[in-house]
């Protein structure tokens, strides 16, 4: 049975060659399936005369590749998504093809491409071609194409989410930040993002990556505050097989995972001083060793780090290496606290309100005038994160089309000297209860959705307007079992 066509569109196959027996077998199989379309040309010379031909995969006789090696070399430029299947009597490959490479293409043939999604994949197809072999290979082609389409859609979505043009920046301080971030995007330089918790350091790290010169490479994040010191070295550099026991396999650290991309080290100030020297040496030499290894591995990553601490003061106190600080802070960007950009608060609040109201199917919610004044007056020690969570909570709690002061967290009202009734009560699922935390509300919502759908996770996710991955994460976090 032929594979299902990805994204609902057929895979277009281009046949190049004159081997009648093999080409007839391929053409017969392809024409039987609605998941493929077919174009046949006798030679690469004929193909050059027909530049309008588009294709997702090429099945070519090996003799044609030897006859026109420059076409093979130029393929990444003109058809970066194409998959190449080579008809040959054995596993012989033309110049530039490397049997040891997972994609069967040597670095020279990759044309310096760091993006696996735009590197043509070479798959040998031995002659005479048999239907069983062809079915397996074309299924692989369809799967690779589907993964690439999904990956491209994800990258486009990420690019939209990190579009600098969408950043809310009415205040002068944020306009200056946007200018600095634009400069960082255009230059492959180490960036240190400084700012209080909740000011958007991770968001801007991703923005710099996806809008920068390494946007097609991986973005790998390591948080120094969430990993114990005795494990963080292993996370950074990985280890060789057998390092922790006979059955232990090779583990790649984040430096290898981020090769040709960006390594975002969050909470860099939490890194133990005993590891700071090794990190400095890796940045200095552009190489590292896995734990248990005896050879250096070259590394080509851009480092973006972030901290809520004053690293200059830490350097003076001797708890952070000054040489490492200057390596990391080649281009420092200090993100302002929300209380320093009061002009942006109404715009941010409206954005979060629209986003969370639409998530639960209540578009059209607004803020009362009194609520707007409270949002501007409050100091927001948790910055953007606290603002968003407070509005998300209010959207869930309000029973009108207007967010009122009573819908805001009591801590905000107390901080402003406003009277807060003890034991403030709201109606939840027909009963009266003290206002719950956001985690309690989320857990309750997931349980209610699962009960409503009889334990059908897919339908529960649709009811909550979230993805299946998200609902599974919430079920795991709140220990919810079906």
> Applying the selection to segment 436-482, what residues are at pLDDT 80 or above and on the phi > 0 side of the Ramachandran plot?
Replying inline: 455, 479
> Can you find a residue in segment 305-318 that is farther than 30 Å from residue 379 by Cβ, surrounded by 17 or more Cβ atoms within 10 Å (Cβ to Cβ) and assigned by TED's automatic domain parsing to the domain that holds residue 219?
Replying inline: no
> How many residues are out of contact with any strand residue (DSSP E or B) (no Cβ under 8 Å at 6 or more places or on another chain) and modelled with pLDDT of 95 or more if we restrict to segment 357-368?
Replying inline: 0
>> Suppose we filter segment 443-476 for residues that are assigned to a helix (DSSP H, G or I) and either surrounded by 14 or more Cβ atoms within 10 Å (Cβ to Cβ) or in contact (Cβ under 8 Å) with a residue 12 or more places away in the chain (or both); how many remain?
In response: 19
> Would segment 106-125 turn up any residue that is modelled with pLDDT of 75 or more, in contact with a helix residue (DSSP H, G or I) (Cβ under 8 Å, 6 or more places away or on another chain) and in a helix (DSSP H, G or I)?
Replying inline: no
> Here is a list of conditions, (1) within 26 Å of residue 301 (Cα to Cα); (2) more than 23 Å from the chain's Cα centre (by Cα); (3) modelled with pLDDT of 50 or more, and residue 149 meets all of them except one; can you say which number that is?
Replying inline: (2)
>> Looking only at segment 216-226, count every residue that is touching a helix residue (DSSP H, G or I) at 6+ places or on another chain (Cβ under 6 Å) and either more than 16 Å from residue 303 (Cβ to Cβ) or surrounded by fewer than 17 Cβ atoms within 10 Å (Cβ to Cβ) (or both) and tell me the total.
In response: 1
> Applying the selection to segment 220-272, what residues are modelled with pLDDT of 90 or more, farther than 19 Å from residue 291 by Cβ and not in a strand (DSSP E or B)?
Replying inline: 260, 261, 267, 268, 269, 270
> Within segment 306-325, is there a residue that is under 20 Å from residue 256 (Cβ atoms) and under 31 Å from the mean Cα position of the chain (by Cα)?
Replying inline: no
>> Just the residues that are touching a helix residue (DSSP H, G or I) at 6+ places or on another chain (Cβ under 7 Å) and loosely packed, with under 15 Cβ neighbours inside 10 Å, please, taken from segment 365-396.
In response: 370, 376, 379
> In segment 251-270, how many are touching a strand residue (DSSP E or B) at 6+ places or on another chain (Cβ under 7 Å) and touching a residue at least 40 places away in the same chain (Cβ under 8 Å)?
Replying inline: 12
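What residue, of 334, 339, is touching a residue at least 40 places away in the same chain (Cβ under 8 Å) and under 26 Å from the mean Cα position of the chain (by Cα)?
Details: 339 fails: under 26 Å from the mean Cα position of the chain (by Cα).
None of the other options fit; the residue is 334.
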> Going through segment 416-435 one residue at a time, which ones are surrounded by 12 or more Cβ atoms within 10 Å (Cβ to Cβ), in contact with a helix residue (DSSP H, G or I) (Cβ under 9 Å, 6 or more places away or on another chain) and either outside any loop (DSSP other than H, G, I, E, B) or at pLDDT 65 or above (or both)?
Replying inline: 416, 418, 420, 426, 428
>> Among the listed residues 317, 308, identify the single one that is touching a residue at least 24 places away in the same chain (Cβ under 8 Å) and out of contact with any helix residue (DSSP H, G or I) (no Cβ under 7 Å at 6 or more places or on another chain).
In response: 308
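Could you please let me know if residue 28 is modelled with pLDDT of 80 or more, assigned to a loop (DSSP other than H, G, I, E, B), assigned by TED's automatic domain parsing to the domain that holds residue 87 and surrounded by fewer than 18 Cβ atoms within 10 Å (Cβ to Cβ)? Spell out how you get there, then give the answer.
Numbers: modelled with pLDDT of 80 or more: yes; assigned to a loop (DSSP other than H, G, I, E, B): no; assigned by TED's automatic domain parsing to the domain that holds residue 87: yes; surrounded by fewer than 18 Cβ atoms within 10 Å (Cβ to Cβ): yes.
No.
The values are calculated or read from the model by the stated rules, or taken from the named source; none is laboratory data. Because the structure is a prediction, the values reported are computed rather than measured. With ideal geometry, Cβ positions are generated from the backbone for all residues, glycine too; neighbour counts draw on all protein chains shown.
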